[in-house]
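Remarks on the structure that follows.
The values are calculated or read from the model by the stated rules, or taken from the named source; none is laboratory data. All of these numbers come straight from a predicted model, not from anything done at the bench. Here Cβ is always computed from backbone atoms with ideal geometry, including for glycine, and neighbour counts include all displayed protein chains. When the accessible area is computed, the model is the full protein with side chains, heavy atoms only, and any ligands, DNA or RNA have been set aside. Shrake-Rupley method; radii C 1.70, N 1.55, O 1.52, S 1.80 Å.
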Amino acid sequence: MNTLIFRTVAPLLTAVMLVFSVFVLLRGHNEPGGGFIGGLIAASALAIYGMAMGAEAARHALRVHPIAVAGFGLALAGLAGMLSLAFDLPFMTGLWAMFEIDRVEVAISTPMVFDIGVYLVVFGTIAAVALALEADEGAG
Amino acid sequence: MEARPDIAVALVVLLPFVAAALFPLVHRLVGDVAGWVAALVPLAGFAALWPLVGSVSDGVPVRVAWPWAPSWGLELSFLVDGLSLTFALTIAGVGALVLLYSGAYLKGHRQGLFLGFLLAFMGAMQGLVLADNLVALYLFWELTSVASFLLIGFDHTRQAARRAAIQALVVTGIGGLCLLAAGVTIRAVTGSWDLSAAGSLAGEAYPLLVGLVLAAAFTKSAQVPFHFWLPNAMEAPTPVSAYLHSATMVQGGVYLVARMTPHLGGEPIWNTTLMAFGGATLLWGAVMALRQTDLKQMLAQTTLASLGLLMLLLGAGTELAITGAVLYFLAHALYKAGLFLVVGAIDHGTGTRDITALGGLRDHMTVTFIGTIMASAAMLGLPPLLGFFAKEEMYAALALGQVQPLVALAALVLGNALLGAIGLAVLIKPFMGEVLPTPIRPHEAPMAMLAGPLVLGALGIVAGLMPAQLGELLAAPATSAVLGDAVDTHLKLGVDLMGWPFWLSVATWGLAAAAYLRLDAGRALLRRLDGKLGWSFDRGFDAVYFGLVRLAGRVTRLLHHGRLELYLLVVFAMLAVAAIGPLWAMGGLPAWPRTADLRFYEWGVVALAVAGIVTVVLARSRLFAILALGVQGLAVALLYLLVGAPDLGFTQFMVETLSVVILALVMTRLDLDAADGRPFEDWARDGGVALLGGIAVTGLLWAVLDRPLDLRLSDFFNAHAAPVAHGRNVVNVILVDFRGLDTLGEISVVMTAGIAILALIRSARRRPTVADPKPAAQRRRKATA
Amino acid sequence: MDHVVAALAGLFVFAGLYLLLSRALIRMLLGLTLLGNGVNLVILSAGRLGRIVPPIAPGDAKVPLAGAANPLPQALILTAIVIGFAMFAFLLVLAYRAYQSLEADDTDRMRLAEPPDRPQPPMSY
Amino acid sequence: MPGVMQDVATHPLDWLVILPVVLSLIGAALLLMLREAREAQYWLALALVAVVLATDLALVLRVSEIGPVSMTMGRWLPPFGISFTADIASAVFALAAAGVTLAVLVYLRHDMPDRARRDGAYPLVLLLLAGVSGAFLTGDLFNLYVWFEVMLISSFGLMVLGGRSIQLDGAVKYGFLNFLATTIFLLALGLLYGTLGTLNMADIIARAAQAEPAVMASIAALLLLAFGMKAAAFPVNAWLPASYHAPPAAISALMAGLLTKVGVYALLRVLAMLLPASREVLDPILMAVAVATLILGPLGAIAETNLRRALGFLVIGGIGASLAGLAIGDEAGLAGAATYVLHAMLTITALYLLAGLIETITGEMDTRRMGGLYAAASLPSALFFVLMLAVSGVPPFLGFWPKLLLVEGGIEAWRAGAGGWALAAWIAVLANALLTLIAGSRLWAHIFWRPGHEDATTEAPNADLKRLDRAGLWLGLGSTGVLTAAVLLLGLWPEPLLGFGKAAAAALLHPADYIAATGLEGAAP
């Protein structure tokens, strides 16, 4: 797999896929998509990078261990739900803040943060497993 | 001093447990005098109980209760009446002497433990006889069994001791469970946990109750055919035999029968059963005692006989019989405990307990001899000892009657005579005649060990000299408690030489002397018989016990064979039965659906799915199977799109693709057998069960589809997703908002799966170690490289 | 249409169960996937089927179009698919590791935890 | 917004119902982010479980004060949002689960292979606790499925920690059979939704009564199968003895103490409270299953020579007792089942922990090669003796009271004309007690009393015994001792236990408060 072409294209492909994954994540609330699919795409992106450059390089590019990313995602999702404690509301009550930037209405909400958490968990977990399998392949 | 019954009961029941828990520690502090310290505990109990005698003998029982589990109507209640007081005083009194004795009998570091167990047993026994509450009664009943288990197995390095302990635990355990069932039944019938509130139970469930109570009593008091554990229990150190297995614990069954007599007694079934089992045990024990040469075994068998005798008397159920039983209980506790202690002293002083190896000890062990004289005389029932009055009373009770009492009377006389013969043997054989060589040069036991037999013997004499007082203070109140009816004492010092109970006594003595003279011949005869028989209850227990173990092994092997596919087969069969069984049984099977209004492309997708499934199942090569898996996954994804579930379709597509990729990746690393190697009958069986499962699921689903679905939830989601939750994709809004908690759990699953998979992969990387040889797959790959 | 999908679900279940009984770990995993799909289809058709129209409020509308599919089963199935995938991945790697360690993908030969030659219970006290 | 969202402010104490789950989850996430700092991981995990324990305790107090506590997530009206509803049974079970987890964590400190620690033992323990707490506290049936899966996958992870070959074989059986159980649960859920159109437990109570009985009975049978597998009821319990002895002892202890109990809880909740009509239909089957499980469990324990495998069979016997309570179905029976679950959580966990210590001391897993512990290790002996009696239901230990309730329930049901099945139930409970006592006393005689190996011809003491190190003494024996002390104290002073049993049974039989707390009383017919 480690052909020159693949090694050249892979980072580019990874970048495109990562951007696409974020797009899928963000549009999920209104169109098909969402955190899970987005996370899967992002993880695939990292896996492709790992195939091309080696699992070690991919992990290095991420700086932190992917499973820690998953942990962060879960913590984020959980804390997003906890936010409503401050407002005498039940767990996971959606809190919305609307901003207008450049005449485009932008909404920041806890469900969105939650979905980002989903994205991170899926990304982190699948990436961790994929990289570990790739590393195992290399070692075995 | 004002009598405080609550404090007295707490002291009597609770203090021994506290002392037991602390005793290993106390023992370390006080060392050699531990026995003396331990004896203080029952003495305190005795002193605390004594002030209650007055009130109780006046016919006023004392009830003490503490809240225990109020929400379940449960009180920790105790009742001090004539019966329980008689038992409690005996337990405390004999207990003090046995503890004292044990202090000298058992030296070394395990003494603390031993005395602790004895103390705990004493608390349990006191609780048992004092308890009014049925739950408490059961509790203490079981505790005596537990303590007995620990004490019988005290010499735990010997298999015989372990066997005896387990045997006793199992046999008395069965009885205990019967008692529990009886207690709960009584509560169900009367609505109260308290026995004193029960009244007569001769009504609903009476036969059941009699059966349960007698089963409990007969196992505890070692009645034939549950008797075999008691002789084996002699594996325990001698003080245990003296205390638990003659004077107190085994009397628990007798106590229970006496306690239940007001509630269950009076019916023929009760009386006849008791007299039959009691009589059988009396004769069995008396005869078997003749067979023994080990002094302890002889005494154990006579204990069986005495227990049978007590059951028989309780079965007779008249006032005289019960007074006789009370007196006999007291006399027996005094002389039998004394005899066991004497035997312990002989064992201690000579190193043997074999009656044929002992002789002429009277000069070397004079004090022991005196103790033996007193105990044996009581066993023979010589006047003016307590044993005599007990015997007179029981003969008088059965003298005038019909056939049944006459048979019982004959059994009594014969039994008493044989017991008397043993009494003579224990007295004469070791102490008279030639001095025989023994493993240890005969010497007298220390004072602490002699105090027991002497005091107990003296008490027997004193009690015999004051029968009127004894009758007034204990015997009559106890009899009243058993009869549920006040009675007065009629006991007085004196021998009615003209009364024919006396002449029956004379006959008993004569028979005893005759039996003693023919002892050796009788023993030889019995042994020959036994050799011919080749079977015994004891061996029967082994057969049942190991039969159970063997059965357990066979059943467990059968059910837990370790073959996953058979485990799965059972599950799938259950699945099929569960899905369709109730539906079918209750007549809810669905009608055959009439129309299938599918469009052609929908049919196409269905066909694709079917094709994928069939290929997966039939594929001869794994790779082909995995590709087919992808096909069916794709078909399902398409189906999702067709029914308006794009999110599902996309996700399904992604997941199936990933699955196929990973499967293919793993496949390349393994070389596996391609074909499904099931033989035809397995193939047919598996296929049949799977087919049933599929049909059952479809059938149940069709039945569900026959009725309209309430779409309230989805209507709500559709209506409020965009306006309230600010999302137009209702499915996504459900996932992150309406049912976000599901998703939180779901991502936890994903993350956890990641951790678990990483752990698996890492553990693979750590290999190969010395313990785990290199896997074949890797070896092969290396070879080809 | 519900009934046809229900029958298809039954077929999935049948094939899944059959493969799960095959003793070969890889085949069992295939069976698990099929069974999972079958169960998902059961949920889908139990929630009654719609056609093509997804439960998404179009552009400016407040609610999905009339006749849109039932969204709740979809959400449930999504959760189930993800969970099922996580389980599948774990069991796959487990099977792989088991093959490596035990040199067997046949469950009949994997008898370490319950070895076939288990000792008889001792006949002693 | 009326008709859509709740208008009243949420009481801060209502958060108690969700916090045990959320705290455990977030805690696990934090531990994962701290993955390199293993020492800090341990202490943080310990602190988190302690906090969860405190939360559960507060929840128990709150529930006993005001009745069931409920919170519907996202402020949506029930049954549209997911409700967490805790009645006394949920709250007390959650408390016991946290307590058991804490004890096991303390024990883990001294007895855990280092590589297992590196592989994420602590996050997995927290995730398991989250799953178990979620399963106990949730008021939504699909949500219950999700927590079942959380519990399951974390137990998978724990099961393979360390990765010895025997663990892999055990995990394959455990994994496939348990995942199938949850799949069957999911199947039943789909059908249940298709019939009733709701997933909220309180809502189901009202609607199930009006649904077609035959369909409901079949769905209930599927649920019985799924939960029965989780609970390890005969004949679908093979996974338990196949796997529970494979992982490190502390892990076995945690799983044995928690997992099957969740299955029993689900059975109680679903069959006794949600679908009582279907339970009545299934009663004969339930009773037959209970009797078989009651008898076959201890028989397995008698047959086994692997200590922890034998204990696994004792777990199964206890499950039978709980099922018998459910099958009896009256107040005493259900109270017996509920208290039995509590008893089993404490006693079984302690027994497994002790088994770990015994394995450390003897260096063996096979009872035939143990021996001599009575003379060499007096404290473990005392603990084992107490626990053995407790598990056999001998008073005054904790195990006695559930047995008493079960016998009482059985006898009362029998007197009330429930027929031979009720008779079989209480006789089987007593037979189970006897067989368990035999199994226990055999283990006692072989491990403790017998001086040496099975085949040893001398009575010389076992020379192969090792001494516990300081950590083993303090942490290992300490955690086991605390659990055993609870077993003893709750046995001596049973009022809290029996009070709980009565309240739990009443709540299951009369769910009006539960429905009202969820906020659905208007929806009831």
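Work out, step by step, the length gained on full extension between D:E39 and D:T457: first 0.36 nm times the residue separation, then minus their alpha carbon distance; give nm to one decimal.
Residue separation times 0.36 nm, minus the Cα-Cα distance, leaves 145.7 nm.
Kindly state, to the nearest 0.05, the FRET efficiency for B:W503 paired with B:A410, given R0 = 22 Å and r defined as their beta-carbon distance.
In this case the efficiency is close to 0.90.
In Å³ and rounded to a whole number, note down the convex hull volume per residue for the Cα atoms of segment D:12-518.
Output value, Cα hull per residue: 127 Å³.
Starting with the highest mean, order A:106-114, B:688-696 by the number of other Cβ atoms within 10 Å, averaged over the residues of each peptide.
In descending order of packing, they fall as B:688-696, A:106-114.
Distance in nm between label sites at B:T615 and B:I7, each 7 Å beyond Cα in the beta-carbon direction?
With each label placed 7 Å out from Cα toward Cβ, I get 9.3 nm.
In peptide D:236-242, how many Cβ atoms from other protein chains are near each Cβ within 10 Å, on average?
Mean partner-chain Cβ count within 10 Å for D:236-242: 6.
How big is the B-D contact in terms of buried accessible area, both chains counted, 1.4 Å probe, rounded to the nearest 100 Å²?
Protein heavy atoms only, the B-D interface buries about 9700 Å².
Distances longer than 45 Å among the Cα atoms of the protein assembly as shown: what percent of all pairs is that?
48 percent
Where the eigenvalues come from the Cα gyration tensor of segment C:3-125, what are the semi-axes √(5λ) of the equivalent ellipsoid, largest first, in whole Å?
Gyration-tensor ellipsoid for segment C:3-125: 44, 15, 14 Å.
Mind checking A:101-109 for the average number of partner chain beta-carbons within 10 Å of each residue's beta-carbon?
Mean partner shielding for this stretch: 1.
Could you compute the net charge surrounding B:T438? Neighbours are other residues with a C-beta less than 15 Å from the C-beta of B:T438; K and R count +1, D and E count -1.
Surrounding charge for B:T438 is -2.
Can you give the log10 of the normalised intensity I(q)/I(0) at q = 0.14, 0.16 Å⁻¹, computed with Debye over equal Cα scatterers of chain A?
Relative scattering, expressed as log10 I(q)/I(0), comes to -0.71, -0.85.
A 25 angstrom limit on the alpha carbon distance is what I want to check against. Which of B:K391/B:K492; B:K429/B:K532; B:K220/B:K296 exceed it?
B:K429/B:K532
If you roll a 1.4 Å probe over the heavy atoms of the protein chains, what accessible area per residue do you get for chain C, in Å²?
23 Å²
When only C-alpha pairs under 8 Å and at least 6 residues apart count, what is the relative contact order of chain A, in percent?
So the answer I get is 30 percent.
With just the Cα atoms of segment B:36-191, tell me how far they stretch along each of the three principal axes, in Å, largest first.
Cα spread of segment B:36-191 along its principal axes, largest to smallest: 48, 36, 24 Å.
What does the accessible area of C:E103 come to, in Å² to the nearest 10, when a probe of 1.4 Å is used?
Solvent-accessible area, nearest 10 Å²: 70 Å².
Please give me the summed charge of the neighbours of C:I52: other residues whose Cβ is under 12 Å from its Cβ, Lys and Arg +1, Asp and Glu -1.
Charge balance near C:I52 sits at +1.
Please tell me the relative contact order of chain B in percent, rounded to the nearest whole number, where contacts are Cα pairs under 8 Å and at least six residues apart.
Relative CO of chain B lands at 10 percent.
Can you check how the C-alpha radius of gyration of segment D:45-161 compares to 2.2 N^0.38 Å, as a plain ratio?
1.15
Within segment D:12-518, how many Lys pairs that are eight or more residues apart, or on different chains, come under 27 Å at the alpha-carbon?
Pairs that pass both the separation and distance tests number 8.
What's the buried accessible area, both sides, between A and B using a 1.4 Å probe, rounded to 100 Å²?
The A and B chains share an interface burying roughly 3200 Å².
Evaluate the distance, in nm, between pseudo-label points positioned 7 Å from the Cα of B:L533 and of D:A471 along their respective Cα→Cβ axes.
6.1 nm
Would you mind calculating the gained length between B:L29 and B:D488 on full extension (0.36 nm times residue separation, minus the Cα-Cα distance), in nm to one decimal?
Separation in residues times 0.36 nm, less the Cα-Cα distance, equals 160.3 nm.
Using r as the Cβ-Cβ distance of C:I52 and A:M98, and R0 as 22 Å, what FRET efficiency do you calculate, to the nearest 0.05?
Efficiency computed from Cβ-Cβ geometry: 0.10.
Can you check what the Kirkwood hydrodynamic radius comes to for segment C:86-125, Cα pairs only, in Å to one decimal?
12.2 Å
Normalized C-alpha radius of gyration of segment B:174-309, against 2.2 N^0.38 Å?
Normalised Rg, Cα atoms only: 1.12.
How many nm separate the modelled label positions at D:A416 and B:A47, each set 7 Å beyond the Cα in the direction of the Cβ?
It works out to 5.3 nm between the two label points.
Tell me: how much accessible area in total is hidden between C and B, 1.4 Å probe, Å², nearest 100?
The contact between B and C buries close to 9900 Å².
What number, rounded to the nearest 500 deg cm²/dmol, is the helix-based mean residue ellipticity at 222 nm of chain A, given -39500 (n - 2.57) per DSSP H run of at least four residues and division by all its residues?
Here the helix-only value at 222 nm equals -24000 deg cm²/dmol.
For peptide D:290-303, compute the average count of partner chain beta-carbon atoms within 10 Å of each residue's beta-carbon.
4
Between segment A:102-127 and segment A:1-56, how far is it from one alpha carbon centroid to the other, in angstrom?
Computed from Cα coordinates, the inter-centre distance equals 16 Å.
Where the convex hull is taken over the Cα atoms of chain B, what is its projected area averaged over directions, in nm²?
52.4 nm²
Would you kindly find the accessible area of B:T273, with a 1.4 Å probe and non-protein molecules such as ligands, DNA and RNA excluded, rounding to the nearest 10 Å²?
In the full protein context, B:T273 sits at about 40 Å².
Taking a 1.4 Å probe, which of D:H110, B:H364 shows the most accessible area, and what order do the others take after it?
B:H364, D:H110
If contacts are Cα pairs under 8 angstrom and at least 6 residues apart, what is the relative contact order of chain D in percent?
Computed value for chain D: 16 percent relative contact order.
Could you work out Rg/(2.2 N^0.38 Å) for segment B:269-517, with Rg from alpha carbons only?
Rg over 2.2 N^0.38 Å, computed on Cα atoms: 1.00.
Using a 1.4 angstrom probe on the protein heavy atoms only, could you order B:T219, B:T190 from most to least accessible area?
B:T190, B:T219
Among B:A458, B:S306, B:T438, which residue has its Cα furthest toward the positive end of the charge dipole of segment B:269-517, with +1 on Lys/Arg Cβ and -1 on Asp/Glu Cβ?
Checking the options against the dipole of segment B:269-517, the answer is B:T438.
Could you look at the protein assembly as shown and say what percent of its accessible area is carbon and sulfur, using a 1.4 Å probe and all protein chains?
Carbon and sulfur: 68 percent of the exposed surface of the protein assembly as shown.
Quick one: which bits of segment B:127-143 get at least 10 Å² less accessible when the partner protein chains are in, versus the chain alone, with a 1.4 Å probe?
Hits at the 10 Å² cut-off: B:V135, B:Y138, B:L139, B:E142, B:L143.
Roughly how many Å is it from the Cα centre of segment B:489-508 to that of segment C:27-52, as a whole number?
Cα centroid of segment B:489-508 versus Cα centroid of segment C:27-52: 93 Å apart.
Per residue, how much accessible area does segment A:4-139 show when a 1.4 Å probe rolls over the protein heavy atoms, in square angstrom?
44 Å²
For B:Q111, what is the net charge nearby, where nearby means another residue's Cβ is under 15 Å from its Cβ and Lys, Arg count +1, Asp, Glu -1?
The answer is +1.
Sort D:D455, B:D132 by heavy-atom solvent-accessible area, probe 1.4 angstrom, most to least.
D:D455, B:D132
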